[in-house]
Amino acid sequence: MTYCLKCQDWISQSVTWSTLFLPSQQTSLCDSCNSQLVRINGAICEKCGRQMPSRMICDDCKKWQTNDKYRDVLQFNRPLFPYTPFMQEIITQWKYRGDYQLKEIFTPYIKKEIRNFYPTKSFTIVPIPLTDERHQERAFNQATAIAEVIATHYENSIITALSRKSSHSEKQSKKSRQQRIKTKNPFFLTKSLETDVLLVDDIYTTGMTIHHAAKLLKEAGSPNIYSFTLAR
Amino acid sequence: MNFSKTLAGKLLLTSELPLTKPTIDYLIRTDQLKQLPSITTKYGRYQCNRCGNKNKQLFANIPCARCNHTHLYCRNCVQTGRVLQCDTLITWNGTVPSWSLQAQPCYWTGTLTPPQQKAAQSITQAISTHQNELLIWAVCGSGKTEMLFPAITKSIKERKRICIATPRADVVRELFPRLQHAFPHTEIEALYADSPDRTDKGQLIISTTHQLIRYHEAFDVMIIDEIDAFPFHHDQTLPYLTDRACKLDATSIYLTATPRPEHKRKIRQRKLPVQFVPIRFHGYPLPIPTLKIEINLRKKLKQGTEPKALQQFLVTRSTSRQLLIFVPTIELLKKVADHYQEVAVHAEDPARKEKVDQFRQKKIKTLVTTTILERGVTFPSVDVVVLDAGHHVFDEAALVQIAGRAGRSPGDPTGDVLFIHQGKTNAMEDAIAQIKMMNKKGKKR
């Protein structure tokens, strides 16, 4: 007797002998929404983790590798879902409409996959920050929400080592790739870390945000920087 | 500054107020704005005071960065702006707005038929005697909008505030220019998601029912169009919203061609006053559906073979009219459309609007459709076929509405309506009985 988190329809779970005695895992989506939520599977780009026809490095990442400034700041990124229109809807509802509870859609996937993604086990989790104004407006930071889910399943601590300058508060989603690449680094360091770092954000589009953040942390002395995003 | 026109009768989140922080503070201090709690908790029950949601599953916790507490927010109305527990809802408590005095607001020059006039009179009377409710049971194509004009005229003269609520944005978009024409000097607003005609100070408001979430004791007259239509009778929130938007002594007028059983029961018990408009504006009776049984119909449809009944009908009908074929499911829609090489349309069709427009302009001869075209659309000269009329999506109301698509214009006031089924259902019989009852009532006068 639960509702689908996305479309608020009833979820009807079929009753079998096994579910009668052992209630099945709580599903947060109805069947039709669940079927639209596809995972990235098969070959991926080794750097950014997007779905590829074969295991290779995608064009976007090749551009990053030829860029002197950002070449080695990030080890790699691992996303969970391709950025499909359906995914876009969920993230819009979650982030812009502010339906905080939708993070529960991702929780089981994060829990399942996060351990297989990265070579080391101990690192500091750093969520990508929002500007203060936007944080007030949304009342939550979506990256922190993901980071908290990761932290509960990975026994690592979250440290908000970054802050965002308020003059660069334009939404990334309103800009083109060219405009994004040209933007100045919107972050500044509030704490320097000596450990490996896992950066957490909701979407990896051009990778600009993650690379900006990674560069600062790298310069401050973090040896290896990985990143995790929900969508690519 | 006078905010009463923009703020009176509204129920807004702080972020929705079109005012600066100092102005808001000033208005609260001078008691012109009242703050109400957004979410109340009592005995372990929650209620969102904006949408009325009481379902515990539709509340969730959020670690709020504004107040640094974890508290509730409402998931039911999150699409129209998030209600946080630490936020307050704001209503106007200042001077009552006064709408401009108009001696003759109505510029509509048409005339009403006698049955329309009778209905118009009873609406006007209900409003002037502060009657609580009135249901207008008017057949499809009886000219419901025009019947409202006298009552709207009178209300505007009396400087009352009026709302016409309807479940669908299409209807709002269609009504808005018509009413603007009829009442050119009245402040009219059209409210639906992303409406460009939102002025925030309408005396006459045409709105989808969802948009009433921002109103609170605002209207003297509430007219609800198609009260039986989905999602109105499906969603608990919507009746709550329309009730709240009414002033305490307001009059609610319900318009429908096919009342739901609950309303019919109230009519029978004489708890709900009703006014019939049993005849169309052109004065001809409603076409009565013919039933045709087809053995193994569902199997045939599944296999994609043509039902004989339909084949016969297609051969014998005159080709001067267009044809609407209603099917129960989208799956079947594709099969039938493929078989006849015809255009099909359903709710999630991106080209839905274009296809319907093309049909209206007679560029398409035949249109296969699901129940989305059952109501609110007018094509002048069509025949109607319902395939598998026994399917549960075709309830009594749907069948009456579908039959009501035929014979809409005075130039061609008849039309064939054919229900193909594999066994008569109560819905079919009740629908035909209802149509016959209306025709009988229409003949009497």
Original post:
What nm distance separates the two modelled labels at B:ASN61 and B:LYS302, each placed 7 Å from Cα along Cα→Cβ?
Top reply: 4.9 nm
Original post:
To the nearest 10 degrees, how steep is helix B:426-444 against the longest Cα principal axis of chain B, on a 0 to 90 scale?
Top reply: 90 degrees
**OP:** First select every other residue whose beta carbon is under 13 angstrom from the beta carbon of B:ARG270; then total the charges, Lys and Arg +1, Asp and Glu -1.
**Re:** +4
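Round to the nearest 0.05 the FRET efficiency obtained for A:ASN41 and A:THR2 when R0 = 25 Å and r is the Cβ-Cβ distance.
0.40
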Original post:
Average partner chain C-beta neighbours within 10 Å, per residue of A:94-101?
Top reply: 5
Original post:
Residues of region B:61-80 losing 20 Å² or more of accessible area relative to the isolated chain, 1.4 Å probe, heavy atoms only?
Top reply: B:ASN61, B:ILE62, B:PRO63, B:ALA65, B:ARG66, B:TYR73, B:ARG75, B:VAL78, B:GLN79
**OP:** Any cysteines in chain B with zero other Cys Cβ atoms under 4.7 Å from their Cβ? List them, or say none.
**Re:** B:CYS64, B:CYS106, B:CYS140, B:CYS163, B:CYS246
Original post:
Could you name the aspartates and glutamates in cross-link range of B:LYS154, using Cα to Cα under 18 Å and dropping any fewer than eight places away on the same chain?
Top reply: B:GLU133, B:GLU146, B:GLU187, B:ASP220, B:ASP249
Original post:
For chain A, what's the relative contact order in percent, using C-alpha pairs closer than 8 Å and at least 6 residues apart?
Top reply: 21 percent
Subject >> Reach of B:LYS21 by Cα under 23 Å, taken over lysines that are not fewer than 8 positions away in the same chain >> reply: B:LYS5, B:LYS10, B:LYS34, B:LYS201
Subject >> Spin-label model distance (nm) - B:CYS86 vs B:LEU291, 7 Å beyond Cα toward Cβ >> reply: 6.3 nm
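Counting each pair of different Cα atoms once, what's the Kirkwood radius of chain A in Å, rounded to one decimal?
Here the Kirkwood hydrodynamic radius works out to 18.8 Å.
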Original post:
Considering only protein heavy atoms, what per residue accessible area in square angstrom results for chain B with a 1.4 angstrom probe?
Top reply: 47 Å²
**OP:** Let me know the Rg and Dmax you get for the protein assembly as shown when you use only its Cα atoms, in Å.
**Re:** 29.9, 92
**OP:** Would you mind giving the three semi-axes, in whole Å and largest first, of the ellipsoid equivalent to region B:160-267 according to its Cα gyration tensor?
**Re:** 22, 15, 13
**OP:** Calculate the mean, over all residues of peptide A:204-216, of how many other protein chain Cβ atoms lie within 10 angstrom of the residue's Cβ.
**Re:** 0
Original post:
Out of residues 5 or more away from A:LEU199 or on other chains, whose amide H comes under 5 Å of its own, with H placed 1.01 Å from N in the peptide plane?
Top reply: A:VAL126, A:TYR226, A:SER227, A:PHE228
Subject >> chain B, accessible surface, carbon-and-sulfur percent (1.4 angstrom probe) >> reply: 51 percent
**OP:** List, largest first, the extents of the alpha carbons of region B:42-194 along their principal axes, each in whole Å.
**Re:** 62, 37, 32
Original post:
Near the amide H of B:CYS246, under 5 Å away, which other amide H atoms are found, from residues 5 or more places off or on another chain, if H is placed in the peptide plane?
Top reply: B:GLU217, B:ALA218, B:PHE219
**OP:** Note down the nm distance, to one decimal, between modelled labels 7 Å out along Cα→Cβ at A:ARG97 and at A:ARG134.
**Re:** 2.0 nm
Subject >> Positive minus negative residues near A:PHE228 (Lys, Arg vs Asp, Glu; Cβ under 11 Å) >> reply: -1
Original post:
So for chain B: antiparallel DSSP bridges make up what percent, rounded to the nearest 5?
Top reply: 30 percent
Subject >> Helix-only CD estimate at 222 nm, as mean residue ellipticity for chain A, using -39500 (n - 2.57) per DSSP H run (n ≥ 4) >> reply: -9500 deg cm²/dmol
**OP:** Any of B:LYS160/B:LYS247; B:LYS302/B:LYS353; B:LYS299/B:LYS362; B:LYS292/B:LYS363; B:LYS292/B:LYS436 with alpha carbons more than 22 Å apart? Name them for me.
**Re:** B:LYS302/B:LYS353; B:LYS299/B:LYS362; B:LYS292/B:LYS363
Original post:
How much FRET efficiency would the formula 1/(1 + (r/R0)^6) give for A:GLU219 and A:LYS111, where r is the Cβ-Cβ distance and R0 is 30 Å, rounded to 0.05?
Top reply: 0.35
**OP:** In Å and from the alpha-carbon atoms only, list the Rg and Dmax of region B:1-62.
**Re:** 14.5, 43
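Across the residues of A:2-8, average count of Cβ atoms on other protein chains within 10 Å?
2
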**OP:** Report the longest stretch of chain A that contains none of the GluC sites (Glu not before Pro) sitting in a DSSP loop with at most 15 other Cβ atoms within 10 Å.
**Re:** A:47-154
Subject >> Three-way shape label, region B:357-445, alpha-carbon gyration tensor, a/c 1.5 >> reply: oblate
**OP:** Rounded to whole Hz and in sequence order, give me ³J(HN,Hα) for region B:337-350 from the Karplus expression 6.51 cos²θ - 1.76 cosθ + 1.60, θ = phi - 60°, writing x for Gly and Pro.
**Re:** 4, 4, 4, 9, 6, 10, 7, 10, 9, 9, 4, 8, 5, x
**OP:** May I ask for log10 I(q)/I(0) of chain B at q = 0.10 Å⁻¹, from a Debye sum over the Cα atoms as equal point scatterers with solvent left out?
**Re:** -0.81
**OP:** Count the DSSP beta bridges whose two residues both fall in the protein assembly as shown, then state the antiparallel fraction as a percent rounded to the nearest 5.
**Re:** 30 percent
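So for each of B:221-227, B:143-149, B:428-434 I average, over its residues, the number of other beta carbons within 10 Å; can you give me the resulting order with the highest mean first?
B:221-227, B:143-149, B:428-434
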**OP:** Give the peptides B:387-399, B:266-278 in descending order of average Cβ contacts within 10 Å, highest first.
**Re:** B:387-399, B:266-278
Original post:
If r is the Cβ-Cβ distance from B:GLU217 to B:ASN2 and R0 is 22 Å, what FRET efficiency results, to the nearest 0.05?
Top reply: 0.70
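The values are calculated or read from the model by the stated rules, or taken from the named source; none is laboratory data. No experiment lies behind these values; they were computed from the predicted model shown. Virtual Cβ from ideal backbone geometry, glycine too; neighbours counted across all protein chains shown. Please note that ligands, DNA and RNA were not included when accessible areas were found on the heavy atoms of the full protein model with its side chains. Shrake-Rupley method; radii C 1.70, N 1.55, O 1.52, S 1.80 Å.
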